[in-house]
Amino acid sequence: MVPCAAVPQDPAEPSRPTAGAARRHRLIGPLVAGALVVLVSYSGPMLIIIEAARNAGLSDAQAGSWIFTVSVGSGVAGLVLSATLRQPVVVAFSTAGAVLLSTTLGQYRYSDAIGATSWYRSPAWPSGCPRRSGG
């Protein structure tokens with residue numbers, strides 16, 4: 001009896017991929033799709049944020065701080081939600097919100113804008129929103 005390793009392989013018959021190679025091949029599509037989603041969801045609003053910072057007259061340090069906060073905040077939120085929900089989640093800055101900031105941020109002091117954002121994002125905002133009295 002001839003051992004399996006000694007049996008010559010027919011050159012016309014293609015070799016079958018191993019289980020590891022097949023697994024890597026199945027991951028290529030989702031990885032490319034995920035990278036594309038991150039690129040689009042990050043770059044569009046980021047360009048608007050840079051323009052909003054320029055229109056508002058923010059210093060490079062202030063604009064860099066804003067970009068860093070949006071980037072890290074979105075990344076951490078995406079990781080936490082993905083781990084919690086056990087499915088891919090991408091968190092992105094709102095393009096509509098960035099456009100709104102681009103047109104209005106220059107009308108307010110930088111500290112006022114940060115305070116308004118902090119108040120809006122606080123966990124108590126939905127239940128503690130002040131209501132207007134009267135008509």
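The values are calculated or read from the model by the stated rules, or taken from the named source; none is laboratory data. Just so we're clear, the structure is a prediction, and the values are computed from it rather than from any experiment. Note: ideal-geometry Cβ built from the backbone for every residue, glycine included; neighbour counts use all protein chains shown. What goes into the accessible areas is simple: the full protein's heavy atoms, side chains included, and nothing from ligands, DNA or RNA. Shrake-Rupley method; radii C 1.70, N 1.55, O 1.52, S 1.80 Å.
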Selection within the range 29-64 - at pLDDT 85 or above, among the β-branched types (Val, Ile, Thr) and closer than 28 Å to residue 87 by Cα: 32
Pair list, Cβ < 8 Å and 6+ apart or interchain, from the range 63-80 residues that are assigned to a helix (DSSP H, G or I) to residues that are hydroxyl-bearing (Ser, Thr, Tyr) and open to solvent by 40 Å² or more (accessible area, probe 1.4 Å): 71/42; 74/42
Residue count, the range 87-96 (criterion: touching a residue at least 12 places away in the same chain (Cβ under 8 Å), not in a loop (DSSP other than H, G, I, E, B) and not β-branched (Val, Ile, Thr)): 0
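Could you grab me the full set of residues in the range 103-112 that are within 25 Å of residue 75 (Cα to Cα) and at pLDDT below 80? First the steps, then the outcome.
Initially, the range 103-112 is screened for residues within 25 Å of residue 75 (Cα to Cα), giving 105, 110-111.
Hits for the range 103-112 are 110, 111.
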